[in-house]
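Everything on this sheet refers to the single structure shown next.
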Amino acid sequence: MGFDYCFVCGENNPHGLHIHFERDGDGVVGYFQTERHHMGWPNVQHGGITSSLLDEASAYVPLNLGLVTVTAQLNISFKKPIRVGERVRIEAHPTKVSSRLLLVEARITGEDGEEKASSNAKMIVLTKAQKEELGIGELS
Ligand SMILES: CCCCCCCC(=O)SCCNC(=O)CCNC(=O)[C@H](O)C(C)(C)COP(=O)(O)OP(=O)(O)OC[C@H]1O[C@@H](n2cnc3c(N)ncnc32)[C@H](O)[C@@H]1OP(=O)(O)O
């Protein structure tokens, strides 16, 4: 599921992160290995990349429920540096689901289970008109 050119999950985006999220109960899980071109400070993954991972996982939770959302708010805690070469696990699950709004918690952990970052997101379900305006078609 997803869109071919999405920066995080798009299979056809040559500059993308190519992460595949799978359903895990009512949530999702995915994995990512940081490379040199994802760093900010030497050998540390850039916080913007970390934010993208959490944002995307948060969007996949509603997608799995057949809901197309955008992120209205994303509050992130960066807890430990993610080093270049590390493989991390990204997971997210809903804490509240209503017709217009989902609250989603996400976290990133290292291979030893250490928590690297976590977030709380407010995801807004798009109306038909909003989807049309953004050019978002039917989910595949
Ligand atoms: C293939 C997978 C792709 C995954 C992509 C990853 C997810 C993303 O990064 S999406 C891109 C980043 N996000 C955006 O670009 C969103 C930009 N913002 C918008 O388009 C609009 O502000 C939008 C749609 C969120 C809300 O607009 P609108 O539909 O007019 O909402 P509105 O009717 O004012 O508010 C609805 C509710 O949401 C709340 N809300 C709206 N915006 C926000 C906000 N920014 N922060 C907090 N709450 C908000 C309102 O308070 C309201 O709550 P309540 O019903 O309790 O009063």
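Only the coordinates and a few stated rules stand behind these numbers; no lab work does. Small disclaimer: the values here were computed from a predicted structure and weren't measured. Note that we place each Cβ from the backbone using ideal geometry, even for glycine, and neighbour counts take in every protein chain shown.
Here are a few things to note about the model shown:
- Of all residues in the stretch 7-48, those that are surrounded by 18 or more Cβ atoms within 10 Å (Cβ to Cβ) and either within 14 Å of the ligand (Cβ to nearest atom) or among the acidic types (Asp, Glu) (or both) total 7.
- Taken over the stretch 39-82, the criterion of being under 16 Å from GLY110 (Cα atoms) and touching a helix residue (DSSP H, G or I) at 6+ places or on another chain (Cβ under 8 Å) is satisfied by GLN45, HIS46, ILE49, PHE78, ILE82.
- Condition broken by LEU102, with the remaining ones in (1) closer than 30 Å to TRP41 by Cβ; (2) crowded, with 18+ Cβ neighbours inside 10 Å satisfied: (1)
- Filter result (closer than 25 Å to VAL125 by Cα and in contact (Cβ under 8 Å) with a residue 40 or more places away in the chain) within the stretch 22-50: ARG23, ASP24, GLY25, ASP26, GLY27, VAL28, VAL29, GLY30, THR50
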